Amino acid sequence: MNIIEIKELTKNYPLGSTIVHALRGIDFNIASGDFLSIVGPSGSGKTTLLNIIGCIDNASSGSVNIGGVEITKLNDKEITDIRLHKIGFIFQTFNLIPVLDVLENVEFPLLLMKNRSKSEVKKRAESLIDAVGLSEHIKHRPSELSGGQRQRVAIARALVTNPDIVLADEPTANLDSATGEQILELMKEMNRKEKTTFIFSTHDSNVIKYAGYVLKIKDGKMVN
Amino acid sequence: MKFLFIISLRNLFRQKRRNILLGSAMAFGVMILIIANSFSHGISDILFNRIVVYVAGHVNISINEGKGRDLPLFRDRDRLTKIAVETAGDKLIEYNEGVGIFLRAIGNGKVENLVLVGINTISRTLTQKQREEINESFKMLYGKFKDLGNKSIENPAILSKEKADALSVKPNDIVRVRYRNIYGQTQSSRLTVVGIMSNDNIFMQGVMFVELTNLKEMMGYRPYECGSIKLTLKEPQKDAADVADKIHSALRPGPAFILATAKVLNQDSSMNPDVSTSENKNSNPNTISSNNQNADTSPRVTLIPFMGNDEPLKKLMLSSFKLSSGNVKDVFGKDGMMVSDYLADILKIKQGDKLEFHFKPKFITKDKPEFAVREAIFSAVVKGIFISDDSTGKETIYMHEALFYPKFYENLPDLQSDSKFAFIPKEKASFKPALGTEWVLLDRSRSTDDLKQKLRAAGRKKIKAATIDVNSMYESASDVLKLENALNIITFTAVLILFFIILVGVVNTLRMTIRERTREIGTIRAIGMQKKDVLLIFVIETAILTAFASIAGTILAFISMAGLSNIAFQITDNPMGILLVKDRLHFVPTFIGIVGNIGFILFISIITAFFPSRKAANLSAADALRHFE
C-alpha cells in the first residue's frame, strides 16, 4: 500500500529576476514502511522534494497524495494538522528548541495535539527517549548535549506522535561518520520497530547503503 | 496555553540583558505614570476633600431668599435638617450649617477686609479624624481652638497670623467688625481674639473663625432659622450623589398658603399694604382696636400666592379666573390681590378696600416673651373680586407672589396644622401650576456650569419664593474634577510620548528577536504548531515582560512617592502652598488608577507586539527553515 503518491510534481521559485526550476516533473510512489533514501548532488532538489512531501512547502503543479489525502488542495490549518499527526521531521541541524530540555522537546508535538493527558504524554516521550538511549539526559537542555545526542532527541521527537512518515534531511551531515552511522542504525531500528516510513536525503555515498530503496535525483528530475 | 506560557517565559530569560534593559525602560515609564497620576489625584484630593468639601460639604442644601437670590435663609431649620438627616440615614456622619459673611475688621489702628466663618464647636461631637483635620487646618500659634465655644468671652474668634499682624492684634485684643446682617442692615460687633493660627493655605489666611451660634446671632438669624446645610457622609464618593438625589426628592415643596382671619380696615386708609405684628401693637393702637373689635366675627380665609412674575403662569391665571370687578393689570400686578365674590359679600367690601389679616406663626419666640410674635398681622388693598367656584374655593384670596412671600416668610405659618382648615386647590385645577409653593426646588445640577446656568435662569424668572438647591460635592466640585482631568491629560500625554519611545524599543526588540528565531519558528511550524500559537508565544512574551516591568514600576513609584513625601517644603504667602499637606507633597495613588494605567500599557504593548508577531506567525515554514543569520 502506497503511503505517498507523487505525480508530475514541479516546483519553481523566483530567485532575483530569474525563475529557478527546482523540480521538473517528478513521479513516484512510496510504500508504507519503506526506508527510502533520496540521493543527489547539492542543488539537485532533494530538500525541496522533502519539503513538499513534508507539507512545509507548496508544489507549483502536480499532485501529492499522502496517506490518501491530496495535500495540494488543503489550507494552512489542515496542512499544519497533517504535519502534526502524520509526519515527523529530522533536520540536518537538529533544530531542537533551546529553551526546552530533552523531555520537553520530545513532548512538544504531543502537547500541540491538546487531547492527550499529561501522564500519557510524559510516558510516551520517556519511552522514546529510552529507546534512543538518552534516559540519563532527560533534564538536559540541547546546549548540554553532543551533536549525536541532539539528533537522537530529534529522532525521538519525530517519532513521538507515531507518524506515518519520518522525513530526515541529511540527518548525518553535521555528525562525524561514527555518530552518523549510529544515527542511521537507530533510524533503521525504529523503522523496523515502529513500522514507520523513513525518507532521508543525503549526498553521502556511505549513507546510501543503509537505504532499502534509493531514489536518485539530479537537476530536479529523477534519474534511473 | 500553559506550555506556550512556559516557552514564552523561558524565551524572555534567553535574552536577559536585552529584556532587562527594555523592562527597565518600561518600569521607568510606569513609575513616572503612576507618580504623575497619584500627584494629580493628590491635588484633586486637596482641592476636593479639603477645600470644596470644607466649603460645601459632601452634600449641600443651599437656600436663597430675597431679591438678589443672595440671602441664605431657611425659616424652619428643624424641618430642613429633619428631612436631610432622615433621608441620609446611617450614611450620615454629621450635618452643619454653612454661615459666612464678608466684613470690615478694625484692629489696633489697622483695618482689613475679612471673611467671618461660623464653626459649630459647641453642639458637635468630633470624631478622631475630624480632630486630626482640625488640628491640621488650625495650627494654633497662640490660644486653643476649643476657646471658640467659651461663653464667658465676648464673641471669641481665631484668625491667621497674617491677618493678626495686618490688624496689629494680639491674643485677648478686641477686633471691631462692621458688616451687613441678613436683612441688609449695617451692624457692628466686638470679637475677642482667643487664638492665632499659622496656615499655609492662602484661602484660610483671610478667614476669621467664630462659634456658629455667635455668628448667627450677629447676622440676625432667629433660633429656628438656618443658612445652608452641609452634610458629611461616611462614604462620600459612594453615596454623595445618591443622598443628594434622595434629599432632593424629599424636599418637594407643598403648597404655600396662609390661614388667616380677615378684617376690613378703614376704607379711606392708604392703598399701600401695611404690615405689623402683635409685638408692635403698642405703637399701633388702631390695629389693636381693629383686632379686638372684630376678633369673633372675622371670617377665616385662605391666602394663596400666584406666580405673577412668570408670564406664562400669569396668563394661565388670567384664563382661569373671571373678575366681577377690578382690572387685570392691577389684580395681576405686583401688589395684586383678588378676593372671592363670596367673601366680598360677607365682608361687604369692594375694589379699593383694605383688608387686615391675622394669623398665628409657627414659631413663637419663647426666650424673650416681651417681644414674642403671638400673632402676625398685615394688611393689603383689594384690587379685584373674582367669581368663585369649587375649584377656586369660596373663602379664598389670591395674592401676587411679591405681596405674599415677604409676609409668609417673615412669620412662617404652621402649614401642617393649618392645612386641615385651609382651602387648597386640587391638583387637577387648571391654574394649579400657577400657584406658589412653600419654596421652589431647583432641578439637580450635574456640573458647576449647570448649577450657574440654573441659578441665572431662576434669577431671570424673578421668583419670589425661596429657592432650594441640593448639590453633592461632584456638582460643586465639577470644576475641580475638570482640573484633575486636565492634569491627567497633560501628564498622560507626556507619559505617552515617553511610552512611544519605549514602544519603539519593544518593536525593535521583537523584530530582532524574531529575526534571530526565524529558524526556530520554521521548526515549530514544521512540527505542527498552528500560526495562532506562534503569534501567541510572542504576544505572551511581551505581555509577561510588560507585566513584570509594570510591577517593578509600581514598586518604584511607591518608593519614590514615599521619598518625595518626606521632603518638607516651606512655602508661605504662595498659593502653591495649598497643594501641600503638612508642608509635603500629597500623593493619592488609587487602585483603579494603577490598574487602569497598567492595563493601558499592557494593551499598548500587546498591540505593538501583535504586528511583528503576526509577521512571524505568517512566515512560511520552508522559508523560515532556510533562514541563516
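Relative contact order of the range B:59-250: 36 percent, from C-alpha pairs under 8 Å at least 6 residues apart in sequence. Here B:221, A:13, B:398, B:342 are placed in order of increasing Cβ neighbour count within 10 Å, fewest first, which gives A:13, B:342, B:221, B:398.
With R₀ fixed at 25 Å, the C-beta to C-beta distance from residue B:501 to residue B:547 puts the FRET efficiency at about 0.80. Between the range B:501-573 and the range B:221-245, the alpha-carbon centres lie 48 Å apart.
Residue farthest toward the positive end of the dipole of the protein assembly as shown, with Cβ of Lys/Arg at +1 and Asp/Glu at -1: which of A:115, B:21, B:586? Going by the Cα projections, it comes out as B:21. If you take the Cα centroid of the range B:424-468 and the Cα centroid of the range A:154-218, the two points sit 94 Å apart. Label zone of residue B:245 (point 7 Å out along Cα→Cβ, amide N under 19 Å): in the range B:83-101 this covers B:84-92. Of interest is the spacing of the C-alpha centroids, which for the range B:172-216 and the range A:45-106 amounts to 90 Å.
Kirkwood hydrodynamic radius computed over the protein assembly as shown comes to 35.8 Å, based on all pairs of distinct alpha carbons. The packing ranking of peptides A:194-202, B:582-590, highest mean first, is A:194-202, B:582-590, where packing means the average number of other beta carbon atoms within 10 angstrom of each residue.
Helix B:16-45 axis versus longest C-alpha principal axis of chain B: approximately 10°, rounded to the nearest ten. Any idea what the relative contact order of chain B is, in percent, if you count C-alpha pairs under 8 Å spaced at least 6 apart? Relative CO of chain B lands at 22 percent. Taking the C-alpha atoms only, the angle from helix B:77-88 to the longest principal axis of chain B is near 30 degrees. Shielding value for B:314-320 is 0, the average number of Cβ atoms from other chains within 10 Å of each residue's Cβ. Taking max minus min of the alpha-carbon positions on each principal axis, chain A gives extents of 48, 39, 39 Å, largest first. The angle separating the long axis of helix B:128-137 from the principal Cα axis of greatest extent in chain B is about 90 degrees. Based on a Kirkwood Rh over C-alpha pairs, give the Stokes-Einstein translational diffusion coefficient of chain B at 37 °C and viscosity 0.692 mPa s in µm²/s. D = 109 µm²/s. Order these by the 10 Å Cβ neighbour count, fewest first: B:239, B:345, A:81. Arranged by neighbour count, lowest to highest, B:239, B:345, A:81 become B:345, A:81, B:239. At an R0 of 56 angstrom, the distance between the Cβ atoms of residue B:516 and residue B:174 translates into a FRET efficiency of 0.10. Note on the protein assembly as shown: antiparallel DSSP beta bridges, both residues inside, total approximately 70 percent of the bridges counted.
Values quoted throughout were computed directly from the atomic coordinates according to the rules given, and no laboratory measurement underlies them. All figures in this text were calculated on a predicted structure; none of them were measured in a lab. All Cβ positions, glycine included, derive from the backbone under ideal geometry; neighbour counts span all protein chains shown.
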